[in-house]
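Written out below as structure tokens is the structure these notes cover.
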């Protein structure tokens, strides 16, 4: 009985189907040749990146991995926490900080590949409220109104978004009146989530964070001339096994395939960026 007839017969008797398949002999698929070399797994690049970059970097990942021939693994968080993690364990290949200060901190520890360091992006601060908020904010002084009982910020003593917000409010003479209303959060996305949930009346976040949420609305955008200088730094980390691939990643992020995506997400690309 040929194979096709054996299978048809076995189909009529399910109990012997496995036996019929066994009669068919080994699979016709070619077996791996013992000792044949396997294709090397792609290099793995660990990227420690500011929380505000999460969405755009995740969108860029497939194109980036294809271009540089490496797999990206992300650790998103507040830049201050990421910098301290790098200093303590040195497990990052690339660091994308939301300010220059925390990149400088890592550089002082001798961990930044200075030749690869770039300042590619900027951002804008906005005051946000829940999508159904009735608040009207036309100036920083309006944050001292009775309607703003709780104001969400990323921790203004350490997290870049919070530090930028505090700097703006101090410059406007509005920090002291609202300081006791500030609710600090571990990073800017946590501050945004507090506004989304209604746990606070308003928050100060980046414009790019507000743009990704359907549950908040922008009550006030800080004019560029009034706000602090916001600068995102990126660099490869030294003493890592994939430093060459990390440098390629930094170069790719500064190039024509990546920068338009950052602009589409609302980041500001300075004119001097390559």
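What follows draws every value from the coordinates through simple rules; no lab data is involved. Only a predicted model underlies this, so the values are computations on that prediction, with no experimental measurement involved. Virtual Cβ from ideal backbone geometry, glycine too; neighbours counted across all protein chains shown.
Laid out as a table, the results:
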item	result
Sorted largest first, extent of the stretch 125-221 alpha carbons per principal axis (Å)	31, 27, 21
Of all DSSP beta bridges in the stretch 125-221, antiparallel share, percent nearest 5	60
Anisotropy class of the stretch 147-190 from Cα gyration tensor, a/c 1.5 cut	oblate
Contour excess over end-to-end distance, with Cα ends at residue 144 and residue 71 and 0.36 nm allotted per residue	21.5 nm
Mean-position separation - Cα centroids, the stretch 207-224 and the stretch 89-104, in angstrom	26
Cβ crowding within 10 Å averaged over residues, with 203-214, 53-64 ranked highest first	203-214, 53-64
Cα-projected label distance for residue 197 with residue 257, points at 7 Å along beta-carbon direction, nm	3.9
Approximate spin-label separation residue 63-residue 101, in nm, with each point projected 7 Å along Cα-to-Cβ	3.3
